[in-house]
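A short worksheet on the structure shown next.
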Amino acid sequence: MADEDIDAGGEMLARLSNEMVRAQKRFFGMGPTEAKSYLVDDLLFIVMRGGLTTAEKTMLEFGQQDLVRQFRQTFENEMTKRLTDMVEEITGRSVCTYQSQVMFDPDVVVEMFVFDQSGSADARGATGRAQLDDDAAGGEATDQDALDQPSTKPQ
């Protein structure tokens, strides 16, 4: 397997997850408790669980889901260049467009990137094998220092 194929496999997916966790923690003040990246053809999905801030959780208790979603969407729109630059650097591919979606109960954020073209067949194969390999992290964030610990629900 060529170095390019290894870079397109589980190591690259884990790096994407770890870097997205670091970005979330740096810019939101809190990152997810879990993250995993999935690469399919020209699509990259980074799924993060946990990571709502205490203020966001409190607003959800007040029934303000739309306000929390609106803030998250506005914030992610402003973060587009930083996040797409990071993804392009790691993957070596150009991002055409990016979108983020936050969901509640369970707390899940999905970052979606569309590349200008699919990766090579060998790179797609390496990535697919990494995601299916039970013995590998398969794109999961592995940096325990970056991952936040689950917080307790405010009383």
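The values are calculated or read from the model by the stated rules, or taken from the named source; none is laboratory data. Please read these numbers as outputs of a predicted model, since none were measured by experiment. Cβ placement follows ideal geometry from the backbone for every residue including glycine, while neighbour counts extend to all protein chains displayed.
Would you confirm whether or not region 115-124 contains a residue that is at pLDDT below 95, in a strand (DSSP E or B) and over 22 Å from K25 (Cβ atoms)?
No.
Give me the pairs, please: first residue somewhere in region 55-79 and part of a helix (DSSP H, G or I), second residue anywhere and exposed (fewer than 13 other Cβ atoms within 10 Å of the Cβ), beta-carbon distance under 8 Å, and either six or more positions apart or on two chains.
K57/K153; K57/P154; T58/P154; E61/P154
Only one residue in M48, M12 is at pLDDT below 90, surrounded by 17 or more Cβ atoms within 10 Å (Cβ to Cβ) and either in contact with a Pro (Cβ under 7 Å, 6 or more places away or on another chain) or assigned to a helix (DSSP H, G or I) (or both), so which one is that?
Within the list M48, M12, the selection yields M12.
Would you mention how many residues in region 21-45 are assigned to a loop (DSSP other than H, G, I, E, B), charged (D, E, K, R) and more than 17 Å from I90 (Cα to Cα)?
Number satisfying all stated conditions: 0.
Test each condition in (1) farther than 25 Å from A121 by Cα; (2) surrounded by fewer than 17 Cβ atoms within 10 Å (Cβ to Cβ); (3) modelled with pLDDT under 95 for V40 and report the one that comes out false.
It fails just one condition, (1).
In region 55-87, how many residues are closer than 15 Å to M103 by Cα and charged (D, E, K, R)?
Going through region 55-87 one residue at a time, the tally reaches 7.
Look through region 72-93, keep the residues that are modelled with pLDDT of 95 or more and touching a helix residue (DSSP H, G or I) at 6+ places or on another chain (Cβ under 8 Å), and return whichever of them is farthest from R15 (Cα to Cα).
Among those residues, the one meeting the criterion is R82.
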